[in-house]
Amino acid sequence: MDRRPLVVGNWKMHGSIASARALARAVASRGAAYPNIDIAICPPFLHLGVVAHELRSSRVELGAQTLSEFEHGAYTGEIAAAMLSDIGCHWVIVGHSERRALFGDSIFAVAAKSEAAVAAGLTPIICVGETLVERKNGTTNELLLEQLRPFTENGCVRLHKAVIAYEPVWAIGTGETASPNEAQEVHEFIRATIAKHNAPLADSIRLLYGGSVKPDNAAELFAMSDVDGGLIGGASLKAEDFMQICGAAS
Ligand code: PGA
């Protein structure tokens, strides 16, 4: 099946209102050059408004980096899915390894957040991936199965409107990237795991690779048959690099 490539920028906790506006403006105007792919950028919560404004007449879509699993109520400091949708988000990253490791997002919280996102009309980008220790111990697949388990229940209902990003933790922000073959091997495993529960969905779901994707390695990663695009951290903070990566996907 032909899956439409998707490139997502995860700006993490960087920038100011002014820099977010400038970066969004650059991506918005240059995104028009790649009509055959989907492009999204995920700024920090506080910059969603200005970025939404810059993207208003562009084909680049808006996303957030996390959300609350709760619908609304007394949850000090949290942001609900409906609020993200209200400000113009189409996408939201859930279960990023930094959230799992530093902010205690459990496997169950990730599933609940993903469900909250879908209920509000957002598409969750569900991140999975192993640490260096897990890779060295040969337990990568085991870990992936555990992270995917809440999503494969009931014929993968929770994945019907979702994207999965494979992000090996050892490759995030380290400059070290999985080789195209290493990425393909894991993507193939994820697709095969989904296929056991829902074959048509396994065929259509987009699987992104993330972890030190740069302009000079993007094309070979995206050339792999089960890699449908990328989740880009550091390189999404420079318009030139991000657009070159979009070019590699297109
Ligand atoms: P990186 O981050 O591209 O800076 O490695 C990727 C991510 O964490 O999504």
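The values are calculated or read from the model by the stated rules, or taken from the named source; none is laboratory data. Please read all numbers here as calculations on a predicted model, not as lab measurements. Don't worry about glycine lacking a Cβ; one is built from the backbone with ideal geometry, like all the others, and counts go over all protein chains shown. SASA here: full protein model, heavy atoms, side chains in, ligands and nucleic acids out. Shrake-Rupley method; radii C 1.70, N 1.55, O 1.52, S 1.80 Å.
Between Tyr75 and Val133, the distance separating the two model label sites (each 7 Å from Cα on the Cα→Cβ line) works out to 3.0 nm.
The largest accessible area among Met13, Met83 belongs to the first residue in Met13, Met83, and the rest follow in falling order (1.4 Å probe, all chains).
In this structure region 65-174 gives 47 Å² per residue of accessible area when probed at 1.4 Å with all protein chains present.
Across region 84-98, coupling constants 3J(HN,Hα) worked out from phi with the 6.51/-1.76/1.60 Karplus curve, θ = phi - 60°, read 5, 5, 4, 8, x, 6, 10, 10, 8, 7, 10, x, 4, 4, 5 Hz, and Gly and Pro carry x. If you take all other residues with their beta carbon under 11 Å from the beta carbon of Val118, and give Lys and Arg +1 and Asp and Glu -1, the sum is +2. Extension gain, Ala119-Phe45: 0.36 nm per intervening residue step, less the Cα-Cα distance, totals 24.7 nm. Extent along the principal axes, Cα only, for the chain: 46, 45, 33 Å, with the longest axis given first.
Estimated from the Cβ-Cβ distance and a Förster radius of 25 angstrom, the FRET efficiency linking Thr174 and Glu146 is about 0.60. Over all distinct Cα-Cα pairs of region 107-154, the Kirkwood formula returns a hydrodynamic radius of 11.8 Å. For region 92-112 versus region 1-76, the inter-centroid distance based on Cα atoms is 19 Å.
Ordering Glu167, Glu78 by accessible surface, largest first, gives Glu78, Glu167; the 1.4 Å probe counts only protein heavy atoms, with every chain in place.
Using Cβ point charges alone (K and R +1, D and E -1), the dipole size of the chain about the Cα centre works out to roughly 540 debye. Whole-Hz Karplus values for region 228-236 come out as 9, x, x, 10, 10, x, x, 6, 7 Hz, taken residue by residue from phi with 6.51 cos²θ - 1.76 cosθ + 1.60 and θ = phi - 60°; glycine and proline positions read x.
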